[in-house]
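Structure first, commentary second.
The values are calculated or read from the model by the stated rules, or taken from the named source; none is laboratory data. This structure is a prediction, so every number in the text was calculated from the model and none was measured. A quick note on method: Cβ atoms are made from the backbone with ideal geometry, for glycine too, and the neighbour counts reach across all protein chains shown. Remember, those area values only see protein heavy atoms, side chains included, never the ligands or the DNA or RNA. Shrake-Rupley method; radii C 1.70, N 1.55, O 1.52, S 1.80 Å.
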Amino acid sequence: MILVLFAVFLWLFGWWLNSRLASGPQADSRAVRFLAPMIFGLTIIAMWELVVRGLDVPLVILPAPSVIAVRFADSLPILWADFVQTIIKGALSGYLIGCSAAFLMAIAVDRWDFLRLGLLPVGNFVAALPIVGTAPILVMWFGFDWHSKAAVVVVMVFFPMLVNTVAGLREATAMQRDLMETYAATYWQSFLKLRLPAAMPFIFNGLKISTTLALIGAIVAEFFGSPTLGMGFRISTSVGQLSLDMVWAEIVVAALAGTAFYGLVAMIEKAVTFWHPSQRG
Amino acid sequence: MSEAASNQAVVQAQGLDLTFQTNDGPIHALKDVNLTVDKGEFVSFIGPSGCGKTTFLRCIAALETPTGGTLTVNGMTPDEARRNRAYGYVFQAAGLYPWRTIAKNIKLPLEIMGYSAAEQDERVKNVLELVDLEGFGGKFPWQLSGGMQQRASIARALAFDADILLMDEPFGALDEIVRDHLNEQLLALWARTEKTIGFVTHSIPEAVYLSTKIVVMSPRPGRITDVIDSPLPKERPLDIRDTPEFIEVAHRVREGLRAGHTDD
Amino acid sequence: MTSAGIRAVWAVLTVVGVIILFWYAASVPMNIKGVLTEFERAGEQVDPPKAVDRRDMSEFELVFDNPYAIDETWDQDRPRLPAPHQVAEELWETTVEKKITSKRSLIYHAWVTLSATMLGFAIGTGLGILLAVGIVHSRVMDLSVMPWAIVSQTIPIIALAPMIIVVLYSIGIQGIIPKAIISAYLSFFPVVVGMVKGLRSPDAMQLDLLRTYNASRSQGFWKLRLPASMPYLFTSLKIGIAASLVGAIVGELPTGAVAGLGARLLAGSYYGQTVQIWSALFAAAILAACLVGLLGVLERLVLKRMGMSQ
């Protein structure tokens, strides 16, 4: 019980600290913007540890963070192998194929008005559907290994990427198009020099949405069948064996992979679209 | 008239008509427009909105296609002239690409037209000097003021050295002080380059101050109501605007605009 | 209808038509091997006659050699790719021709999934809006919670789903609640992020205007921030409900649940009942489209009443 009380005290202290930071003179500084969420996150983790220990919560319901950390450190080879299988082979290859296919399709859609009129509503419609549901079919077609996961990812990222890229390619203003017209520029000149650069913020928006979708697709597809390897496989079997510390360790990997993947794309975006008002800030 | 139609004519319009089909029915944007612009002239088009002044400029640039009458630019059809890169066009907004530096923006038409890299650098240097922007080539557009951006866009239109410069209310979005300054610079530039300039504006003092010929237009249908050949000398300091000659021309323009207005 | 509208409808119909044609065409090579094996078992003449020889041949060659089998590729029991009319028939049989209470009725399964989706969505959006209001009004919450809400969008938090189901099952909670919890947290974060954006959308001039009236904070909230946030709210509601549905479906996988669209998908993939998988998939798609469409109609009505749309 003392530990639980301590947890409550810790919470109050963390909140007090953040309140001081937020109302202090440095509230808008970079340091506070970094420090405040860190304090909040660490407080939560510490409370989690204290409450689990204080109330003797069984491992099969909620393992303490320290237990998860130990499991994480002990299982690095397994976690790495799962990471390679699911993220590198499944998610990343599917992401690359799906996004490039959608990009090429977007160019065609942008070029032929009829395709835009016909395909875009269909694309918008499909983008809102529960596409992970295609996983059992694609697993049946492409086998248990990573190929079927990549296929699920391709289907999942295709439409959001398509819709965003098409919107981006239409972003150049009428005046900018007229300017190209006065230079008697060819279609591809005006594409490369005007429409493609102008579309970049939209394209990166699509790429960023797709990072998360790729991970979701690759992990969930493994619930429908996989070799004895992979993050989704490990999560579903460990859940079955009630070794929740392993599940949490995989979730930590998924979280790290997700933020790193997204962060990487966001970094490239910053370099490419440095000129856009949202990046100049 | 036959004299003006000699080979000195840069733009020639005869009985030009343009009707837009819209959801609210046809709109008569230009009706029976006749005009000859000679080489080296500075022609202003002035009138209230909807009078077709911008539409006429866009017809010259082959950005719109007339539905009737004839129009030649340098003796060719407007579209042939466009393909021959006969003119530079300056829009209402600078429209510089935010992802390119000023120098790279000016290079844009040069890249498209296939100039060599050395030639591109040379020309960028020259036109930056022409519009007083030396040293700003490495800046991005969003790091410059509105007036400087518009000067850069004029430099971009000058870069490939077309004989004709078409300007569609280029200074409309700028404040009066900046505008005066740019007007002065534009006249100096015109004197140095001897280009033919078509200039759309809705400011009477601007039109009178800049032009050798003022075309007054009025709306519904868009047509020319008066063409005024300016008696002002080619050398024009800013204070010429206080002389009786200037005020008289301005008065005539205002009369023309008013006459067009009472029609509807 | 305007001529542009007719052209758009025509374009969409063409694209859909091409997709269906392509689907039929794809069913032929996809199913040809299975069909030929069946024919061989039935003692009919196939070319080549032995399954071993056929295994490594290209599907197109087999179709070319056995053109009479094409009809059958659209009419198999367990095809690799069922033809559109097979899926449509299955959908018709399991919705219209079955009693709603029947375990084989797709409407029954859709309802199981839908109820969990709606419950979770209601909880998730409710809490999400509350947190967004808190974040906009409290600097501390903004600083400490908001970054995590944003980070959560980049993480496949759906991976938590199997654990939530099993853990709750082990302490005796099962049925709709665990699935609703998954649906709730999946719709929670998009709503928080979208709503914060919406509540912050009024510009400085609009806020200054209220300051000149000496309006209180709550007046500012009810009269400016909340109405201004509506377009953002509906955008994130549409994302949220789609996520909720995915959550409910995935929530049905790990326990080998007996009811729900996710259970139908899983059972179908266990027993190779491809037609069943496809019809469950289409049912899920139709459900998603209806939910998003319903929110779209609601959005239009609300924004129109508020005078925010044309």
* To do: Would you look at the GNM of chain B, springs on alpha carbons closer than 10 Å, and say which of B:46, B:240, B:177 moves the most?
  => B:177
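Which GluC sites (Glu not before Pro) in the stretch B:1-79 sit in a loop by DSSP (not H, G, I, E or B) and have at most 11 other Cβ atoms within 10 Å of their own Cβ?
When the GluC sites (Glu not before Pro) of the stretch B:1-79 are filtered for loop state and at most 11 Cβ neighbours within 10 Å, B:3 remain.
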* Asked: What share of all Cα pairs of the stretch C:3-81, in percent, falls into each consecutive 10 Å distance bin?
  -> 18, 41, 18, 13, 8, 2
* Structure fact -> Expressed in angstrom, Rg and Dmax over the Cα atoms of the stretch A:40-140 are 22.5, 66
* Could you go through the stretch C:198-204 in sequence order and give the Karplus-derived ³J(HN,Hα) for each residue, using 6.51 cos²θ - 1.76 cosθ + 1.60 with θ = phi - 60°, rounded to whole Hz, and x for Gly and Pro? => x, 5, 9, 6, x, 8, 4
* At 1.4 Å probe size, with no ligands or nucleic acids counted, give the accessible surface of residue A:276 in Å², nearest ten. => 60
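Which number do you get for Rg(Cα) / (2.2 N^0.38 Å) in the stretch B:191-260? Mind showing how you got there, number by number?
Working: Rg = 12.5 Å, N = 70, 2.2 N^0.38 = 11.1 Å.
It is 1.13.
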* Asked: residue C:138 label point, 7 Å along Cα→Cβ, cut-off 20 Å on backbone N: hits in the stretch C:110-128?
  -> C:124-128
* **Anisotropy class of the stretch A:58-98 from Cα gyration tensor, a/c 1.5 cut** => prolate
* Structure fact -> Inter-chain shielding metric for A:5-18, i.e. average beta-carbon neighbours from other chains within 10 angstrom, reads 1
* **Per-q log10 I(q)/I(0), the stretch A:2-57, q = 0.18, 0.21 Å⁻¹ (Debye; single scatterer per alpha-carbon; no solvent)** => -0.60, -0.72
* Asked: Relative contact order, percent, of the stretch A:2-57 when contacts are C-alpha pairs under 8 Å separated by at least 6 residues?
  -> 59
* If amide H atoms are built 1.01 Å from N in the plane of the peptide, which residues on other chains or at least 5 residues away come under 5 Å of the amide H of residue B:64? -> B:59
* Arrange the residues A:99, C:290 by how much accessible surface each exposes, largest first, with a 1.4 angstrom probe. => C:290, A:99
* Could you calculate the contour length gain from residue A:186 to residue A:60, that is, 0.36 nm times the residue separation minus the distance between their Cα atoms, to one decimal place in nm? => 38.8 nm
* Structure fact -> Per the C-alpha gyration tensor (a ≥ b ≥ c, the square roots of its eigenvalues), chain A is rounded if a/c is under 1.5, else prolate if a/b beats b/c, else oblate; here it's oblate
* Compute the label zone of residue B:126 within the stretch B:180-213: residues whose backbone N is under 16 Å from the point 7 Å along Cα-to-Cβ. => B:189-196
* Structure fact -> For residue C:197, the lysines lying under 19 Å Cα to Cα, once residues fewer than eight places off in the same chain are dropped, come out as A:208, C:223, C:238
* **Rounded to whole Hz, the Karplus (6.51, -1.76, 1.60) HN-Hα couplings of the stretch B:70-78, x for glycine and proline** => 10, 8, 10, 10, 6, x, 10, 6, x
* Relative intensity, log₁₀ I(q)/I(0), of the stretch C:22-128 from a Debye sum that treats every alpha carbon as a point, q = 0.14, 0.22 Å⁻¹ -> -0.68, -1.06
* Structure fact -> Expressed in angstrom and rounded, the centroid-to-centroid distance over alpha carbons for the stretch A:55-114 and the stretch C:200-247 is 34
* Considering every pair of different Cα atoms, what Kirkwood radius, in Å, is found for the stretch C:166-253? -> 15.1
* Asked: Long-range amide H contacts for residue B:226: which residues qualify at under 5 Å (H placed 1.01 Å from N, peptide plane, sequence gap of 5 or more or a different chain)?
  -> B:216
* To do: Pop out the ³J(HN,Hα) list for the stretch A:78-95 in order, Karplus 6.51 cos²θ - 1.76 cosθ + 1.60 with θ = phi - 60°, rounded to Hz; leave Gly and Pro as x.
  => 4, 4, 5, 4, 4, 4, 4, 4, 7, 7, 6, 6, x, 5, 5, 5, x, 4
* Asked: Taking springs between alpha-carbon atoms closer than 10 angstrom, which of B:203, B:145, B:153 fluctuates most in the Gaussian network model of chain B?
  -> B:145
* Structure fact -> Here the whole-number average of other chain Cβ atoms within 10 Å per Cβ of A:237-248 is 3
* Two-site FRET efficiency, residue C:305 against residue C:100, from Cβ-Cβ distance with R₀ of 35 Å, rounded to 0.05 -> 0.50
* Structure fact -> Contact order relative to length for chain A, counting C-alpha pairs under 8 Å separated by 6 or more residues, stands in percent at 22
* Asked: What is the sum of charges around residue A:57, taking Lys and Arg as +1, Asp and Glu as -1, for the other residues whose C-beta is under 14 Å from the C-beta of residue A:57?
  -> -2
* **Separation between Cα centres of the stretch C:78-109 and the stretch B:66-128, rounded to whole Å** => 63
* To do: For n ≥ 4 DSSP H runs only, could you compute -39500 (n - 2.57) per run for chain B, divide by its residues and tell me the 222 nm figure to the nearest 500?
  => -11500 deg cm²/dmol
* To do: Quick one: accessible surface of residue B:212, probe radius 1.4 Å, all protein chains present, in square angstrom to the nearest 10.
  => 40
* Asked: How large is the helix-only mean residue ellipticity at 222 nm for chain A, computed as the sum of -39500 (n - 2.57) over DSSP H runs with n ≥ 4, divided by its residue count, in deg cm²/dmol to the nearest 500?
  -> -25000 deg cm²/dmol
* To do: Arrange the residues C:60, B:160, B:20 by how much accessible surface each exposes, largest first, with a 1.4 angstrom probe.
  => C:60, B:20, B:160
* To do: Please list, or write none, the aspartates and glutamates whose alpha carbon is within less than 12 Å of the alpha carbon of residue C:98, excluding same-chain residues fewer than 8 places away.
  => C:90
* Structure fact -> Rounded to the angstrom and largest first, Cα extents along the principal axes for the stretch C:267-310 equal 54, 13, 8
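Taking each pair of different alpha-carbon atoms in the stretch C:106-305 once, compute 1/r for the pair, average those values, and report the inverse of that mean as the Kirkwood hydrodynamic radius in Å to one decimal.
Result for the stretch C:106-305, one decimal place: 18.2 Å.
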* Rounded, prolate or oblate: which one fits chain B, using the alpha carbon gyration tensor with axes a ≥ b ≥ c (rounded when a/c is under 1.5, else prolate when a/b beats b/c, else oblate)? -> prolate
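Work the Kirkwood hydrodynamic radius out for the protein assembly as shown: mean of 1/r over every pair of different alpha-carbon atoms, inverted, in Å. Could the numbers behind the result be given before it?
Details: mean 1/r = 0.0311 Å⁻¹.
The answer is 32.2 Å.
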* Give the accessible area for residue C:216 in Å² (nearest 10); use a 1.4 Å probe, count only protein heavy atoms, and leave out ligands, DNA and RNA. => 60
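Can you pull the mean other chain C-beta count within 10 Å for peptide A:181-191?
On the way: counts 6, 16, 12, 11, 5, 1, 0, 0, 5, 1, 0.
Mean shielding count: 5.
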* Asked: Check residue B:38: other-chain or 5+ apart residues with amide H under 5 Å from its amide H, H built from backbone geometry?
  -> B:10
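Whats the longest run of chain C with zero GluC sites (Glu not before Pro) that are DSSP loop and have at most 14 other Cβ atoms within 10 Å? Could you put the intermediate results ahead of the total?
Details: sites that count: C:44, C:97.
It runs C:98-310.
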* Asked: When the Cα centres of the stretch B:141-162 and the stretch A:180-250 are compared, how far apart do they sit, in Å?
  -> 41
* Structure fact -> Candidates B:139, B:53, B:213; GNM for chain B (alpha-carbon contacts under 10 Å) flags as most fluctuating B:139
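For the full complex of protein chains and a 1.4 angstrom probe, list B:38, A:113 by accessible area with the highest value first.
Working: B:38 45, A:113 70 Å².
Greatest to least solvent exposure: A:113, B:38.
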